[in-house]
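Data first, discussion second: the structure below is written as structure tokens.
The values are calculated or read from the model by the stated rules, or taken from the named source; none is laboratory data. Please read these numbers as outputs of a predicted model, since none were measured by experiment. Here the Cβ positions follow ideal geometry from the backbone for every residue, glycine too, while neighbour counts run over all protein chains shown.
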Amino acid sequence: MGNTYNSIEEYIRQLINSIGIYHPHQLNIENIYPRLKLSIFYIPHESMAIGGNLFLDNRKSDAAQWQDFGHELGHTLFHVGDQAFIPLSMREWQEWKAENFSQHLCIPTFMLNKITLPNNENEAIWLIMETFGVTRPFAEKRLRQYIQNMIYG
């Protein structure tokens with residue numbers, strides 16, 4: 001029996017499969033942005049998305065840039081306008097949505113399902129960090145989310 005995914009999980013699976021990405025080693029900025037016809041600029045400033053262009057903070061680690069890429073891509077795909085001109089509650093909602101998108105893009109459920117995670121939480125977190133190129137806090141959060149979704153569906 002196949003897996004059933006929620007809407008964000010299925011969207012991400014379809015999105016990255018549509019550009020020929022099927023395995024964790026293929027998940028990286030350089031593989032994704034040209035296939036989505038995006039422009040990426042590395043600058044010494046906080047990461048942001050403006051007019052379909054992604055600006056990533058070049059002072060951050062590769063893992064942090066990868067996570068920021070997912071976050072800013074979420075804004076690019078789902079949000080329009082300037083956050084400076086929307087109510088705080090809407091801005092917070094957009095940030096939550098972009099962060100959730102980043103969690104699922106950087107560590108897609110359909111790929112996580114193919115990994116045998118160790119029973120030891122620290123070992124599982126380390127495996128996720130190594131496999132998907134993310135930071136420890138990001139891997140911890142995604143593992144908690146993944147387990148909760150498996151338990152409560």
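Looking at the stretch 85-153, what helices (runs of 4 or more DSSP H) fall wholly within it and have at least 2 residues that are at pLDDT below 95 and either surrounded by 13 or more Cβ atoms within 10 Å (Cβ to Cβ) or over 17 Å from the mean Cα position of the chain (by Cα) (or both)? Before the answer, list the steps.
Working: elements: 88-106, 109-112, 121-132, 136-152.
It comes to 88-106, 136-152.
Would you be able to tell me the number of residues in the stretch 139-153 that are small (Gly, Ala, Ser) and free of Cβ contacts under 8 Å to residues at least 12 places away in the same chain? First the steps, then the outcome.
Just the residues of the stretch 139-153 that are small (Gly, Ala, Ser), to begin with: 139, 153.
Right, trim to free of Cβ contacts under 8 Å to residues at least 12 places away in the same chain and you get 153.
Total satisfying the criteria: 1.
Being buried (at least 16 other Cβ atoms within 10 Å of the Cβ) and either assigned to a strand (DSSP E or B) or of a type in the set (Lys, Arg) (or both) is the filter here; which residues of the stretch 18-43 pass it?
40 - this is the single residue of the stretch 18-43 that is buried (at least 16 other Cβ atoms within 10 Å of the Cβ) and either assigned to a strand (DSSP E or B) or of a type in the set (Lys, Arg) (or both).
Determine the pairs where a residue that is closer than 11 Å to residue 25 by Cβ, located within the stretch 126-138, has a partner that is β-branched (Val, Ile, Thr) and buried (at least 20 other Cβ atoms within 10 Å of the Cβ) with Cβ atoms under 9 Å apart, the partner being 6 or more residues away or on another chain.
Short answer, once both residue conditions are applied: 131/107; 132/107.
Taking into account only those residues within the stretch 49-70 that are surrounded by fewer than 16 Cβ atoms within 10 Å (Cβ to Cβ), within 27 Å of residue 14 (Cβ to Cβ) and not small (Gly, Ala, Ser), which is modelled with the lowest pLDDT?
Taking the candidates together, the pick is 50.
Taking residue 66 as the residue in question, decide whether it is outside any strand (DSSP E or B), aromatic (Phe, Trp, Tyr) and without any contact (Cβ under 8 Å) to a residue 60 or more places away in the chain.
Working: outside any strand (DSSP E or B): yes; aromatic (Phe, Trp, Tyr): yes; without any contact (Cβ under 8 Å) to a residue 60 or more places away in the chain: no.
Spelling it out, it is not the case that residue 66 is outside any strand (DSSP E or B), aromatic (Phe, Trp, Tyr) and without any contact (Cβ under 8 Å) to a residue 60 or more places away in the chain.
Can we say residue 46 is without any contact (Cβ under 8 Å) to a residue 12 or more places away in the chain, in a helix (DSSP H, G or I) and more than 17 Å from residue 12 (Cα to Cα)? Before the answer, list the steps.
Details: without any contact (Cβ under 8 Å) to a residue 12 or more places away in the chain: yes; in a helix (DSSP H, G or I): no; more than 17 Å from residue 12 (Cα to Cα): yes.
Criteria not met by residue 46.
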